[in-house]
Amino acid sequence: MPRTSPFKIGKHAVPLGRTKDIFLQVSQRYTGDPISLPIRVMRAHKPGPVVLVTAAVHGDEINGTGVIHELMFGQPLALTQGVLVLVPVINIFGFENQNRYMPDRRDLNRCFPGSEKGSLSSRVAHIIINQLIKHCDYGIDLHTAANSRTNFPNVRGDLSEPQVRRLAKAFGCELIVNSKGPVGSLRREATKVGCPTIILEAGEPCKIEPRVLEVGTRGVTNVLIDLGMLPGEPVRPAYQARVSKSLWIRSEVGGILRFHVTPGEPVAAGQPVATNASVFGKEQNVLVSPVDGIILGMTTLPTVKPGEPVCHVAIPNKSLRSVQKALNQAPDSSLGTRLREDLATNISVTEHEGDWAEPTQENNGF
């Protein structure tokens with residue numbers, strides 16, 4: 001039932017038609033002073049869904065923080081109904097130290113739902129679940145790749161859950177990865193307690209990237225439109241494909257890489273993705289994609305040892321031919337086109353001079 005009484009987080013109440021900045025205490029400093037999460041609650045004049053948007057559960061993944069700032073300070077969001085809860089930083093400890101982890105060396109995104117009597121990370125997770133997430137109807141958690149990697153923007157969630165599937169499609173990324181998430185992750189445990197949650201994976205850590213901001217703000221806005229909380233029509237991508245399988249292409253020898261692909265690029269089985277050269281510039285081997293797929297993520301560090309990850313290849317449920325056709329038809333001004341160009345500038349890409357054959361097999365469907 002829609003909430004008409006004041007919406008509460010902890011001891012803080014927000015009535016209909018009000019926007020309020022509040023602080024939710026999650027721990028204490030050595031001095032005994034409180035450590036709190038900054039939260040903005042935007043409530044429309046009419047009751048409706050409660051949507052939670054969080055960022056920086058890994059303290060160095062701040063693209064999402066930038067997205068939430070855009071939602072706070074960009075073009076005003078004139079909500080027609082419901083509540084929007086914005087948390088620009090979840091792991092306030094790691095954020096202050098530009099570090100992925102918590103002070104107790106734990107990954108906060110493996111500690112949910114937490115425990116009232118557990119470790120520091122477990123106690124923080126417990127507060128977030130019980131005083132924040134359980135009061136919301138839907139969740140969007142914003143992430144980036146890990147250190148020295150970049151991710152082409154993709155949404156992930158447990159697509160066996162109808163409401164998660166709805167959010168994932170509405171967000172508007174080209175790639176939707178079907179995954180419950182690791183045990184103890186915010187999205188997995190939030191969904192379990194009745195707050196269907198998706199995540200956005202996009203860009204690099206320790207950066208706020210302009211095109212990733214566009215992807216994130218457009219995606220959140222799309223979801224709010226789909227839920228009837230904002231007027232307008234959602235913006236759709238050039239294509240949308242579901243991904244149930246992916247694989248990493250790993251280096252075979254140590255050396256320095258020359259990349260031949262970029263994030264978001266369709267690749268055919270047998271297509272070269274990187275050449276490994278010795279420190280003297282002599283070619284040692286060429287890494288190729290073992291499958292038809294799309295570059296979901298890749299290393300931004302060109303130096304590798306044997307076995308280190310180079311490219312993450314998503315295997316979509318659409319043929320490469322249909323994906324490439326959709327991309328060719330997209331205007332140069334489209335966000336997807338500009339995004340690919342921007343992400344490609346973060347790595348050095350060259351053409352491979354060898355020969356390889358493109359597959360002709362079709363695989364259609366969403």
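The values are calculated or read from the model by the stated rules, or taken from the named source; none is laboratory data. Keep in mind the model is a prediction, meaning the values are calculated, not measured. As a convention, Cβ positions derive from the backbone with ideal geometry for all residues, glycine included, and neighbour counts pool all protein chains shown.
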Problem set entry | Residue tally, condition of a type in the set (Ser, Thr, Tyr), touching a residue at least 12 places away in the same chain (Cβ under 8 Å), surrounded by fewer than 18 Cβ atoms within 10 Å (Cβ to Cβ) and part of a loop (DSSP other than H, G, I, E, B), over region 314-355 | 3
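What's the total number of residues in region 1-46 that are hydroxyl-bearing (Ser, Thr, Tyr) and under 14 Å from Gln131 (Cβ atoms)? Even if it seems obvious, please write down each step before you answer.
Looking only at region 1-46, we keep the residues that are hydroxyl-bearing (Ser, Thr, Tyr), and these are 4-5, 19, 27, 30-31, 36.
Retained after the next criterion (residues that are under 14 Å from Gln131 (Cβ atoms)): 27, 36.
The total comes to 2.
From the list Val87, Val14, exactly one residue is more than 30 Å from Ala145 (Cβ to Cβ), in contact with a strand residue (DSSP E or B) (Cβ under 7 Å, 6 or more places away or on another chain) and assigned by TED's automatic domain parsing to the domain that holds Asp137. Which is it? So that I can check it myself, show each step before the final result.
On the way: Val87 fails: more than 30 Å from Ala145 (Cβ to Cβ).
One residue alone meets the criteria, Val14.
What strands (runs of 3 or more DSSP E), lying completely within region 214-279, carry at least 1 residues that are of a type in the set (Lys, Arg)?
Numbers: elements: 241-250, 255-259, 272-277.
Passing ranges, in order: 241-250, 255-259.
Can you pull out the residues in region 1-58 that are part of a strand (DSSP E or B), among the hydrophobic types (A, V, I, L, M, F, W, C) and more than 27 Å from Arg106 (Cα to Cα)? Outline the logic, then answer.
Here is the first cut: in region 1-58, the ones part of a strand (DSSP E or B) are 7-9, 12-14, 19-28, 34-43, 50-55.
Applying the additional criterion that residues be among the hydrophobic types (A, V, I, L, M, F, W, C) yields 7, 9, 13-14, 22-24, 26, 35, 37, 39, 41-42, 50-53, 55.
Residues satisfying the conditions are Phe7, Ala13, Val14, Val41, Met42, Val50, Val51.
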Exercise. If you check every pair at least six apart or on different chains, which have Cβ atoms under 7 Å apart with a residue in region 76-103 that is within 16 Å of Pro205 (Cβ to Cβ) first and a residue that is of a type in the set (D, E, K, R) second?
Worked result: Gly94/Asp60; Gly94/Arg100; Gln98/Asp60; Asn99/Asp60; Arg100/Asp60; Tyr101/Asp107
Problem set entry | Within region 280-313, considering residues that are among the small types (Gly, Ala, Ser) and outside any strand (DSSP E or B), the one farthest from Ala241 (Cα to Cα) | Gly281
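Regarding region 163-186, can at least one residue be identified that is without any contact (Cβ under 8 Å) to a residue 12 or more places away in the chain and farther than 20 Å from Leu296 by Cα? Spell out the reasoning first.
Within region 163-186, the first condition is being without any contact (Cβ under 8 Å) to a residue 12 or more places away in the chain, and the residues that meet it are 165.
Filter once more, keeping what is farther than 20 Å from Leu296 by Cα: none.
Among the residues of region 163-186, not one is without any contact (Cβ under 8 Å) to a residue 12 or more places away in the chain and farther than 20 Å from Leu296 by Cα, which makes the answer no.
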Exercise. Outside any strand (DSSP E or B) and either farther than 20 Å from Ala190 by Cα or in the same structural domain as His126 (by TED's automatic domain parsing) (or both): does that describe Val67?
Worked result: yes
Problem set entry | Of all residues in region 56-76 being buried (at least 18 other Cβ atoms within 10 Å of the Cβ) and under 20 Å from Val14 (Cβ atoms), the one that is farthest from the chain's Cα centre (by Cα) | Leu71
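Residues in region 113-131: is at least one touching a strand residue (DSSP E or B) at 6+ places or on another chain (Cβ under 8 Å) and crowded, with 24+ Cβ neighbours inside 10 Å?
Yes, that holds for at least one residue.
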Problem set entry | Residue ID - modelled with the lowest pLDDT, chosen from residues in region 70-111 that are part of a helix (DSSP H, G or I) and aromatic (Phe, Trp, Tyr) | Phe73
Exercise. Taking region 139-187, which residues are surrounded by fewer than 24 Cβ atoms within 10 Å (Cβ to Cβ), outside any strand (DSSP E or B) and basic (Lys, Arg)?
Worked result: Arg165, Arg166, Lys169, Lys180
